[in-house]
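Derivation of every value follows stated rules applied to the coordinates shown; laboratory data play no part. Only a predicted model underlies this, so the values are computations on that prediction, with no experimental measurement involved. Cβ atoms come from the backbone with ideal geometry, glycine included; neighbour counts cover every protein chain shown.
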Amino acid sequence: MIKTRITELLGIEYPIVQGGMAWVADASLASAVSNAGGLGLISSINASADTVLEEIRKCKKMTNKPFGVNIMLMSPIADQVAQFVIDEQVPIVSTGAGTPAKYMEQWLKAGIKVIPVVASAAYAIRMEKIGAVAVVAEGGEAGGHIGEMNTMALIPQVCDAVSIPVIAAGGIADGRGFAAAMMLGAEGVQIGTRFITATESNAHDNYKQKIIAAGDTDTIVTGKSLGHPVRALKTPFSRKFAQMENDPTQTPESIMEFGSGSLRKAVKDGDEKMGSFMAGQGSGLVKKVQPAKEIILEIVSDARNLLEGSSKYF
Ligand code: TUI
């Protein structure tokens, strides 16, 4: 048990939130994380809006603990999922890749706690003003869609900018990252990549093995030219994507067409050639497949030892 404003606010034992990873974050993973004392999230990017609804209902059967839904705001089904979370009385919603402003009034009225992912201090301030209970401040070390700032400089600046509690994300995969985030002023962490390799994750085994095999420099950021930077493992797909972005004969449409459906191909089919294996720079810290509970307990125990041992410097 760790006590911060995040554990108190969300009614969880450890301030560890599982990233709402597109295609990966389903009822199986979210319930495992919540049952282990963290906060599991279900992604709204999946086969269809109906699948998301099914996952929410499944998750309720698999855990009595709080869990949430992540709504990726660029998603074509965002409006539908925004309504499902109200109908299904989901207690916590996190949002990413944009502003949840248009949904806030109805969510707050329904008693939902809203935790937007932000990539800057200015954005965090806006989110606090419209009623967010906390923010996830995500640095560019993270996998998937990312902002400009990196975690080390972003977290303390977001903490200074808002009074609501801050959850740190981006590059955090072990107890060292957790302890460091707390020292930067965060009151919790969000972890994505390490949970892709959890036993309860339904990501294809090729995806898990690629993360486990990856070293510190094995990710690449593509999509900047399209206005949507995305970090993923270096693979034939992501290298080709980067090459197309530098090729003046390609149009944004042809590049987007090439990338279409690539994340699903990685997660569901383990497609080594055409899959987009989105993952963060913390991939090099991920060593094995482990149950979610073991991941959480290991991170908490390592962080506790580090934080208690820090008095040796003074
Ligand atoms: O959303 C994410 N990560 C994601 S979404 C995703 S799905 C996808 N699939 C294919 C191509 C692209 C994406 C994969 N990974 N993280 C949360 C996040 N939000 N990171 C950064 C932000 C963010 C950035 C700018 C939030 C707000 C923001 O506002 C800028 C503005 O002023 O609107």
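Given +1 at the Cβ of Lys and Arg, -1 at the Cβ of Asp and Glu and no other charges, the dipole of the range 205-281 around its Cα centre is 160 debye to the nearest 20. Computed from the C-beta positions of LYS312 and THR199, the FRET efficiency with R₀ = 35 Å rounds to 0.50.
Candidates ALA242, ALA36, ILE212 compared by Cα position along the dipole of the chain: farthest toward the positive end lies ALA36, with charges placed on Cβ. Counting neighbouring beta carbons within 10 Å and listing from fewest to most, the residues ASP79, ASP174 come out as ASP79, ASP174. Translational diffusion of the range 205-281, estimated by Stokes-Einstein from the Kirkwood radius over alpha carbon pairs at 4 °C in a medium of 1.567 mPa s, is 103 µm² per second. Of the residues ILE296, GLY284, VAL221, the one whose Cα sits farthest toward the positive end of the charge dipole of the range 211-302, with +1 on the Cβ of Lys and Arg and -1 on the Cβ of Asp and Glu, is ILE296. Protection proxy ranking for 21-30, 44-53, using the average of other Cβ atoms within 10 Å per residue and placing the highest first: 21-30, 44-53. Short to long, the 10 Å bins of the Cα pair-distance histogram for the chain hold 6, 29, 38, 22, 5, 0 percent of all pairs.
From the phi of every residue in the range 280-291, what ³J(HN,Hα) in whole Hz does the Karplus formula 6.51 cos²θ - 1.76 cosθ + 1.60 yield, where θ is phi - 60° and glycine or proline is x? With coefficients 6.51, -1.76 and 1.60, one gets x, 5, x, 3, x, 8, 8, 10, 7, 7, 9, x Hz. If each of LYS109 and ARG57 carries a label point 7 Å out from its Cα toward its Cβ, how far apart are those two points in nm? Modelled inter-label distance: 2.5 nm. Relative to one another, the C-alpha centroids of the range 98-125 and the range 254-275 are positioned 30 Å apart. Converting phi to 3J(HN,Hα) with the Karplus coefficients 6.51, -1.76 and 1.60 and the offset θ = phi - 60°, the range 305-314 yields 4, 5, 5, 5, x, 5, 5, 5, 7, 10 Hz in sequence order, with x at every glycine or proline. For the chain, a simple Cβ point-charge model (Lys and Arg +1, Asp and Glu -1, everything else neutral) yields a dipole of about 340 debye relative to the Cα centre. Take every pair of alpha-carbon atoms less than 8 Å apart whose residues are at least six positions apart; their mean separation over the length of the chain yields a relative contact order of 17 percent.
Each residue of the range 62-69 was assigned a 3J(HN,Hα) from its phi angle through the Karplus curve 6.51 cos²θ - 1.76 cosθ + 1.60 (θ = phi - 60°); the sequence is 8, 8, 9, 8, x, 9, x, 10 Hz, with glycine and proline shown as x.
Here the range 58-183 is assigned +1 on the Cβ of each Lys and Arg and -1 on the Cβ of each Asp and Glu. Its dipole about the Cα centre then comes out at about 420 debye.
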